[in-house]
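Participant: Input: one structure, supplied below.
Since every read-out is calculated from the coordinates, none of them should be taken as a lab result. Because the structure is predicted, anything quoted here is derived from the model rather than measured. Positions of Cβ are backbone-derived with ideal geometry, glycine not excepted, and every protein chain shown enters the neighbour counts.
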Amino acid sequence: MILTTDPDIAIIIPTYNSARSLYSCLQSCLDQGIQPSDIIVVDDVRTSDATRTIARDFGVSLIISPAGMAESRNVGTAATNHKLLLHIDSDMYLDPGLLDAATAFLLETACDALTIPERPIGNGRWIAARAADKASIERSGLGSAARLVPRSALQAIGGYDSQLTAGEDADFHLRLRLAGHKVGSLPYPGIQHDEGHLTLWSACKKKYHYGKSSRAFSSKHGRPITSYNDGLSRLRLGVQLSTSRLTACQYIVLKLFEWAAFSCGQLRTSLPWRSHTRCGAA
């Protein structure tokens, strides 16, 4: 891609009841050397908290949409003509200088798109284990996905697949590479991912949801979002990168519970009664 020294960047943020973290997310987007040309918040119609008030107070572009996470990214893309798009979540905070470093890295490496390192923040006894998990992703590259992409490349591959509610970022990353785009990995700075109060229950709940939605990804690509060998490689690496024996043990427990929850979600969608609805259900 052709990138000038004065990059034109829009940041797209899907939201749904995101008041807890949106203020810090938007503030981090503005606390950059290179200022984004636009910040677009695509909020779910079901939102009932102060998400929209926060977005309006910051003066960012606000779109209210019935779209899910993947389609919200497409809605935000369609609402802007800027050359570069940074797709983040509402619980992600940009490190100072991230936009400067990312655009400079694109110029130096002639990459078309970039993955950006993430590290978790939050509280609870499982945060250190999640940090080991994220570190294993960044070190191995298994599970990372492009976040900074040219608008032209995103449109050329048809944007994010709105039929996927799990693995839409992995699918997007895979299709970018299959289309011949060079995807680089920014080493530093990165993104802080606010996990809030992380518990085994909240982690498993999320993985169960992903498991229920994983069939669509497998049907599309003929393989799971994460293969058995990739999962094992990440597990070994996460143990090695753990800061203590206790963290290593917690990391193994976290991944085993998440794997079990994901498998239960997959099983839930494969049972013959999965499509039945209760009386009175829409």
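Participant: Given a cut-off of under 8 Å on Cα pairs at least six residues apart, what relative contact order in percent is computed for region 84-167?
Facilitator: It rounds to 40 percent for region 84-167.
Participant: Per 5 Å bin, what is the whole-percent P(r) computed from every C-alpha pair distance within region 125-165?
Facilitator: Pairs per bin, as whole percents: 5, 17, 16, 16, 16, 15, 9, 4, 1.
Participant: State, in angstrom, two size descriptors of region 94-169 derived from its alpha carbons: Rg to one decimal place and Dmax to the nearest whole number.
Facilitator: 14.9, 43
Participant: Right, another one. What share of Cα pairs, in percent, lie more than 11 angstrom apart in region 90-135?
Facilitator: Every Cα pair in region 90-135 considered, those over 11 Å come to 72 percent.
Participant: Tell me, what does the Kirkwood hydrodynamic radius of the chain come to in angstroms if you use every pair of distinct C-alpha atoms?
Facilitator: 19.8 Å
Participant: Would you mind working out the magnitude of the charge dipole of the chain relative to its Cα centre, with +1 at each Lys and Arg C-beta and -1 at each Asp and Glu C-beta, to the nearest 20 Debye?
Facilitator: 1360 debye
Participant: Right, here's the next one. Once you have the alpha carbon radius of gyration of region 1-85, what is it after dividing by 2.2 N^0.38 Å, with N set to its residue count?
Facilitator: 1.09
Participant: Got a sec? Which residues in region 156-173 would a label at SER218 touch, if it sits 7 Å along Cα→Cβ and we count backbone N under 19 Å?
Facilitator: Backbone N within reach: 163-172.
Participant: Under the 0.36 nm per residue contour assumption, what length would be gained going from the current alpha-carbon distance of LEU256 and LEU107 to full extension?
Facilitator: 49.6 nm
Participant: Please state the Cα pair-distance histogram of region 44-152 with 5 angstrom bins from zero: what percent is in each bin?
Facilitator: Result, from short to long distances: 2, 9, 15, 20, 19, 17, 13, 5, 1 percent.
Participant: Another question about this same structure. Considering only GLY222, LEU106, ILE39, whose Cα is most displaced toward the positive end of the charge dipole of the chain, charges sitting on Cβ of Lys, Arg (+1) and Asp, Glu (-1)?
Facilitator: The Cα lying farthest towards the positive end belongs to GLY222.
Participant: Could you pull out which residues in region 20-41 have an amide N less than 19 Å from a spot 7 Å beyond the Cα of ALA79, following the Cα-Cβ vector?
Facilitator: Under 19 Å, as judged by backbone N against the label point of ALA79, lie 20-30, 36-41 of region 20-41.
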